[in-house]
Amino acid sequence: MKNKVSIENIYNLNGRVPLLKAIPFGIQHVLAMFVANLTPIILIATVAKFFGKN
């Protein structure tokens, strides 16, 4: 007895994502872009302030 498991992608390459799912995906994408741009600035500013006290 073989169980046939079918795994299908819920989105197609040229398909459309429903709006209620697209909004959280979009917000997450924008936040990821902000974090990726702000993290190096914060790290460099922290290191510069640390070495500036000496």
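The values are calculated or read from the model by the stated rules, or taken from the named source; none is laboratory data. The structure displayed is predicted, hence computed values, not measured ones. When we count neighbours, we look across all protein chains shown, and the Cβ atoms used for this are built from the backbone with ideal geometry, even at glycine.
If I go through the range 1-24 residue by residue, how many of them are loosely packed, with under 10 Cβ neighbours inside 10 Å and either of a type in the set (S, T, N, Q) or under 15 Å from the mean Cα position of the chain (by Cα) (or both)?
6
Against the condition surrounded by 10 or more Cβ atoms within 10 Å (Cβ to Cβ) and at pLDDT 90 or above, how does LEU38 come out, does it pass?
yes
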